[in-house]
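These notes concern the structure reproduced below.
The values are calculated or read from the model by the stated rules, or taken from the named source; none is laboratory data. Since we're looking at a predicted model, the values are computed, not measured. Cβ coordinates were reconstructed from backbone atoms using ideal geometry, including for glycine residues, and neighbour counts include every protein chain displayed.
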Amino acid sequence: MNIKIKIIIYGLIGYTSFALAYGSEEEIYDSHQNTKIFNNIAIKVKTTGSKKIAEKYQIIISIVSTTINNHPKNFSEILRPVVQTIDKTLWTITSDQLPLTKEDCMKLDLDFQNKDSAYGYKYCLLNTDPEIIAFDDKNKKLYLSYGTTEIGTGGGPSLLFAADVNQRKIKFLNMVWDSDHGSLSPSGQYLVIYGSSRISVGDMETNKWINVNTPERIHSDGKKIVHRLSLKSWISDTRFTYIDAARYRETKSLINTKEITYDIAARTNIDKKIITSL
């Protein structure tokens, strides 16, 4: 067989294997459709309204089926042989379903200002763009984060909700910071929220929260050093490892990167090692 033909065939096999592996991941993110897929559940955030009307968002939860195209008709189908289709919509969540009134928001504002008088917040917004933080596939619970508005500059903390797909109920959990990312423990009992500089752990059975990295939160050494924190992996249902990358605030140059193991039950770091340093 011609060597060029062999290379093409092996290349196609490699690409096909890659596509199969990619399609079988536990979570697949489609940035074009703003959809996340967890096994056989698809979660899509859909924008409604117009430029004249404040945008509102729907979270559409559906069952999807996955099939493999064994007879691809073109090169594109060879690269992506896995086909996913929506079979049934289970639940559509809208902002008016969220269990939070204007009075609740005022109380949250006051509670937050009492804890940190340097910040003041208007009423929390219930129609802002929601973030899909995590999905508990075992217990069919979706965790969503909705932003608030800070007086003067925008931004602020987020409001975290748990949506039980089986019972069609939504519960308000907590006001959280830096809630771009979340990760559930293997059993689904603990939810770790992390972003640019904070890590918080919530017990989903009791809704009690603890802050993991209080000594190194946001800035240290007179605000000259910034810590960026991210969860690496779960070791067990009560232990996880996270990465702490410390940089100088002005120059952005790296000081060191630490790998830290945290024990939820003991509420302490049980291991810490530097993996990168100047």
Worksheet item: Could you say whether any residue in the stretch 148-171 is closer than 19 Å to K36 by Cα, modelled with pLDDT under 95 and of a type in the set (S, T, Y)?
Response: no
Worksheet item: Right, N139: modelled with pLDDT of 70 or more, at negative phi and exposed (fewer than 15 other Cβ atoms within 10 Å of the Cβ) or not?
Response: no
Worksheet entry | Lone qualifier among I61, I28 - being modelled with pLDDT under 80, surrounded by 13 or more Cβ atoms within 10 Å (Cβ to Cβ) and among the β-branched types (V, I, T) | I28
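Residues that are touching a residue at least 40 places away in the same chain (Cβ under 8 Å): find the strands (runs of 3 or more DSSP E) completely inside the stretch 220-278 holding 3 or more of those. Lay out the reasoning, then the answer.
Values: elements: 225-234, 239-248, 254-263, 268-277.
The qualifying strands (runs of 3 or more DSSP E) are 225-234.
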Worksheet item: Quick one: is I78 surrounded by 12 or more Cβ atoms within 10 Å (Cβ to Cβ) and either at pLDDT below 80 or under 24 Å from P186 (Cα atoms) (or both)?
Response: yes
Worksheet item: Which residues, counting only those in the stretch 231-252, are surrounded by fewer than 16 Cβ atoms within 10 Å (Cβ to Cβ), at pLDDT below 90 and touching a strand residue (DSSP E or B) at 6+ places or on another chain (Cβ under 7 Å)?
Response: Y248, R249
Item to complete: Would you mind stating whether K272 is at pLDDT 90 or above and not polar (S, T, N, Q)?
Response: yes
